[in-house]
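Scroll down for the structure; my scribbles are underneath it.
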Amino acid sequence: MKSKFLHLSASVLLATGIGGAFVAAPAQAVVCSTSNISLGGVNATACAGAFSGNDTGAGNPLETLLDGGLFASSVGTADWTLLAKSDQANSLFTATNNTNIGSWSLSQPLTSNTFVVSLKSSTNYSAYLFKDYDWSKGLTGVFNTIGVDLNGSGNAGKALSHASLFVSNISSNPVPQAVPEPATLLGLGLAASGMVISRRRKSL
């Protein structure tokens, strides 16, 4: 009898321990990375997410977050506008939907070189900021949804539902031009003066 009681007690403890382990195991958190998406070989500047829910639609969730300062630490205050979605007909922005790794592209440079691409997968989305993007790098990029939502194995992203493109009202920064240093200008001025003096002496 004592043996049966010990056996039963051990079984109950084992079962509750296993059950407790399943209950206590936290859901795997998904965190985006700037390397989840690139354009012209340039990774995103910053990212935020994953967020639960839709990025667009009722209440404009992501646009509201952007206008509220989601990336303010990187770009300051800005006003954001949804330009296009990859699952709606448009001539500006495309992305390979229904795959966890794919390509995306723009048909032309945007009005601002500071913009956000949102990747939506299953019930989550992540936002990726591109700040001061140099359009000469190209208009085609790649993405991976591993920073949005994970498949059952936990080592790959779920298929992309759609991508959304938001543009800021931040004016594009021109490509900086090289400016001569004052010492260089002084040196050039002295050289020119020396040449003028030299010619005057020869002519006398």
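The values are calculated or read from the model by the stated rules, or taken from the named source; none is laboratory data. As the structure is a prediction and not an experimental result, all values here were calculated from the model. Note that we place each Cβ from the backbone using ideal geometry, even for glycine, and neighbour counts take in every protein chain shown. When the accessible area is computed, the model is the full protein with side chains, heavy atoms only, and any ligands, DNA or RNA have been set aside. Shrake-Rupley method; radii C 1.70, N 1.55, O 1.52, S 1.80 Å.
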Anything in the stretch 34-56 that is β-branched (Val, Ile, Thr), in a strand (DSSP E or B) and open to solvent by 50 Å² or more (accessible area, probe 1.4 Å)? List them, or say none. Val42
If you scan the stretch 76-104, which residues turn out to be of a type in the set (A, V, I, L, M) and open to solvent by 30 Å² or more (accessible area, probe 1.4 Å)? Leu82, Leu83, Ala89, Leu92, Ile101
Counting only residues that are more than 26 Å from Lys131 (Cβ to Cβ), among the small types (Gly, Ala, Ser) and modelled with pLDDT under 90, how many does the stretch 15-66 have? 8
